[in-house]
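Worksheet for the structure shown next.
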Amino acid sequence: MLLQPLWTVVLEHASILRSPVFPALFSLSAYLCCCAPYLLLELLSRRWAPLRRYKLQPQSRVSWASVRSCLVLTLSNHVLFILPLTVLHWYLRPVHLPAEAPPLLQLLTQVFGCLLLFDLQSFTWHLLHHRVPWLYRNFHKVHHTFTSTSALTTEFSGAWEMLSLGLFAAATPALLGCHPLTELSFFLLNIWLSVEDHCGYDLPWATHRLVPLGLYGGARHHDLHHLKSNVNYAPYFTHWDRLAGTLWTGH
């Protein structure tokens, strides 16, 4: 089994994985690590003009005030809401770590399945919070504070939005009966893709360029949502927006 050596190394740190604070720390540290390259890119683009041509909204700049407000809100949401809930989940449902790793093909298939299911859940949630004024005004409006996206705006949202989307992300692997290694892989990929969606750059190596036929939206897709607000509700793939008539490519 190709993944067994990796899983064996992970099991050597089983006490960390079983810790009640691990999910919150994993989520926060993975998020900040994913944001870091884009924050560096933002700094470099101010001094190196060729990088600015990849910026989706060249006239916008990420201010230190916005960085500070995004970090404060993200940290407070993790400490005040995510951490207590993960401790409660640990108490009610202890972590089970099987001795064997999943087959590689199974892991890849299930991670893709998780992305598809999460994409549907998020699309439905997102559409509902834009179409119902009370939901938008009281919950989702916070996330639209910034019309120009940047990496740290990914989790600039109220507690309700962070917890509900976090619930979708946590429940999806459970619904598909995923191995813990598959769960971790999905969580990492989901965080990275979410940050990439909000990074504010359409880079040559961006994920949407790797997927043919415009089936994957990417940063440009989501940046247009923040500009126009009533289009492009799906976080990753474009098929639900096509079916709902809410897809906009900017042309």
| Which residue out of Trp134, Trp90 is out of contact with any strand residue (DSSP E or B) (no Cβ under 7 Å at 6 or more places or on another chain), within 26 Å of Pro20 (Cα to Cα) and either at pLDDT below 95 or in a helix (DSSP H, G or I) (or both)? | Trp90
| query | Since Tyr54 meets every condition but one in (1) under 27 Å from His179 (Cα atoms); (2) touching an Asp or Glu at 6+ places or on another chain (Cβ under 8 Å); (3) among the aromatic types (Phe, Trp, Tyr), which condition does it not meet? | reply | (1)
| request: Take the residues in segment 210-234 that are touching a strand residue (DSSP E or B) at 6+ places or on another chain (Cβ under 9 Å) and free of Cβ contacts under 8 Å to residues at least 60 places away in the same chain, then tell me which one is surrounded by the fewest Cβ atoms within 10 Å (Cβ to Cβ). | output: Leu210
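Condition check ((1) hydrophobic (A, V, I, L, M, F, W, C); (2) modelled with pLDDT under 95; (3) assigned to a helix (DSSP H, G or I)) across all residues:
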position	(1), (2), (3)
Phe81	yes, no, yes
Pro84	no, no, yes
Val95	yes, yes, no
Cys114	yes, no, yes
Phe118	yes, no, yes
His130	no, no, yes
| message | For the list (1) outside any helix (DSSP H, G or I); (2) in contact with a Phe, Trp or Tyr (Cβ under 6 Å, 6 or more places away or on another chain), I need the number of the one condition that Leu181 fails. | response | (1)
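Condition check ((1) buried (at least 18 other Cβ atoms within 10 Å of the Cβ); (2) of a type in the set (S, T, N, Q); (3) without any contact (Cβ under 8 Å) to a residue 12 or more places away in the chain) across all residues:
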site: Val67; (1), (2), (3): no, no, no
site: His78; (1), (2), (3): yes, no, no
site: Tyr91; (1), (2), (3): no, no, no
site: Pro102; (1), (2), (3): yes, no, no
site: Thr109; (1), (2), (3): no, yes, yes
site: Leu128; (1), (2), (3): no, no, yes
site: Arg137; (1), (2), (3): no, no, yes
site: Val142; (1), (2), (3): no, no, no
| remark: For Leu73, the lone unmet condition from (1) surrounded by 14 or more Cβ atoms within 10 Å (Cβ to Cβ); (2) part of a loop (DSSP other than H, G, I, E, B) is (2)
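The values are calculated or read from the model by the stated rules, or taken from the named source; none is laboratory data. What you see is a predicted model, and the numbers here were worked out from it, not measured in a lab. Cβ atoms come from the backbone with ideal geometry, glycine included; neighbour counts cover every protein chain shown.
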